[in-house]
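These notes concern the structure reproduced below.
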Amino acid sequence: MKLKDLVTYVRTLPHIVEDIKWGNDRVFSITGGKMFCVFSFENDEYIGVSFKVDDHRFLEMTDRPQFVPAPYMARARWVYLVDTNGISEKELKELISRSHQLYFEKLSKKAQRSLLET
């Protein structure tokens, strides 16, 4: 799967805000909440993506050759995808969706209800 196609998928997730931070990173956040996915790019080409994984899966993911601990975010159990070879489109989408869900669940119940009503 090309990272560009993954960006298109992330844009379909509910209640997101997209912006550019740190000069060249496309950041996706839960509306009113925290970021859940960051795409790095250079010269208009995506070069990698970082996202949160469940705490119990962090070591499993970073043992795989496609992932490394995400710079600056590893302590929060974020991984950085360095190679899309050997990982299916379905699995990537599931991992990104899970990251989205993890941060949605961290919102207050009031904020969650408000987003679900819109």
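Brief remarks on what is shown
- P(r) weight above 15 Å for the range 57-117, C-alpha pairs, percent: 59 percent
- Exposed chymotrypsin sites (Phe, Trp or Tyr not before Pro) absent - longest run of the chain, DSSP non-H/G/I/E/B, at most 14 other C-beta within 10 Å: 23-71
- Shape of the chain, Cα gyration tensor, a/c cut at 1.5: prolate
- Computed over the range 29-73, the ratio Rg/Rh where both radii use C-alpha atoms and Rh is Kirkwood: 1.02
- Estimated from helical segments only, the mean residue ellipticity of the chain at 222 nm is -10000 deg cm²/dmol, where each DSSP H run of four or more residues counts as -39500 (n - 2.57).
- In terms of distances greater than 19 angstrom between alpha carbons, the cross-link table entries Lys2/Lys90; Lys52/Lys93; Lys2/Lys34; Lys21/Lys106; Lys34/Lys106 yield Lys2/Lys34; Lys21/Lys106.
- Across the accessible surface of the range 47-116, with the other protein chains kept in place and a 1.4 Å probe, carbon and sulfur atoms take up 53 percent.
- For Lys90, the shell of other residues with beta-carbons less than 14 Å away shows a net charge of -2, using +1 for Lys and Arg and -1 for Asp and Glu.
- On a per residue basis, the chain carries 59 Å² of accessible surface, using protein heavy atoms and a 1.4 Å probe.
- Given charges at Cβ of Lys, Arg, Asp, Glu: the chain dipole, positive-most of Leu107, Phe41, His56: Leu107
- Here the Karplus curve 6.51 cos²θ - 1.76 cosθ + 1.60, taken at θ = phi - 60°, turns the phi angles of the range 73-80 into couplings of 10, 4, 5, 9, 6, 9, 10, 10 Hz, with x standing for Gly and Pro.
- Given charges at beta-carbon only (K, R positive; D, E negative), |dipole| of the chain in Debye: 540 debye
- Under a 5 Å amide H cut-off, with hydrogens placed 1.01 Å from N, Val49 pairs with Ser40, Leu81 among residues at least 5 apart or on other chains.
- Check: the range 51-118 dipole with +1 on Lys, Arg Cβ and -1 on Asp, Glu Cβ, in debye: 380 debye
- Ranking Val68, Leu95, Val82 by Cα position along the charge dipole of the range 52-110, where only Lys, Arg, Asp and Glu carry charges on their C-beta atoms, puts Leu95 farthest toward the positive end.
The values are calculated or read from the model by the stated rules, or taken from the named source; none is laboratory data. The model shown is predicted, which means the values in this text are computed figures rather than measured ones. Counting neighbours? That spans all protein chains shown, and the Cβs are built from the backbone with ideal geometry, glycine included. All accessible areas refer to the heavy atoms of the entire protein, side chains included, with ligands and DNA or RNA removed. Shrake-Rupley method; radii C 1.70, N 1.55, O 1.52, S 1.80 Å.
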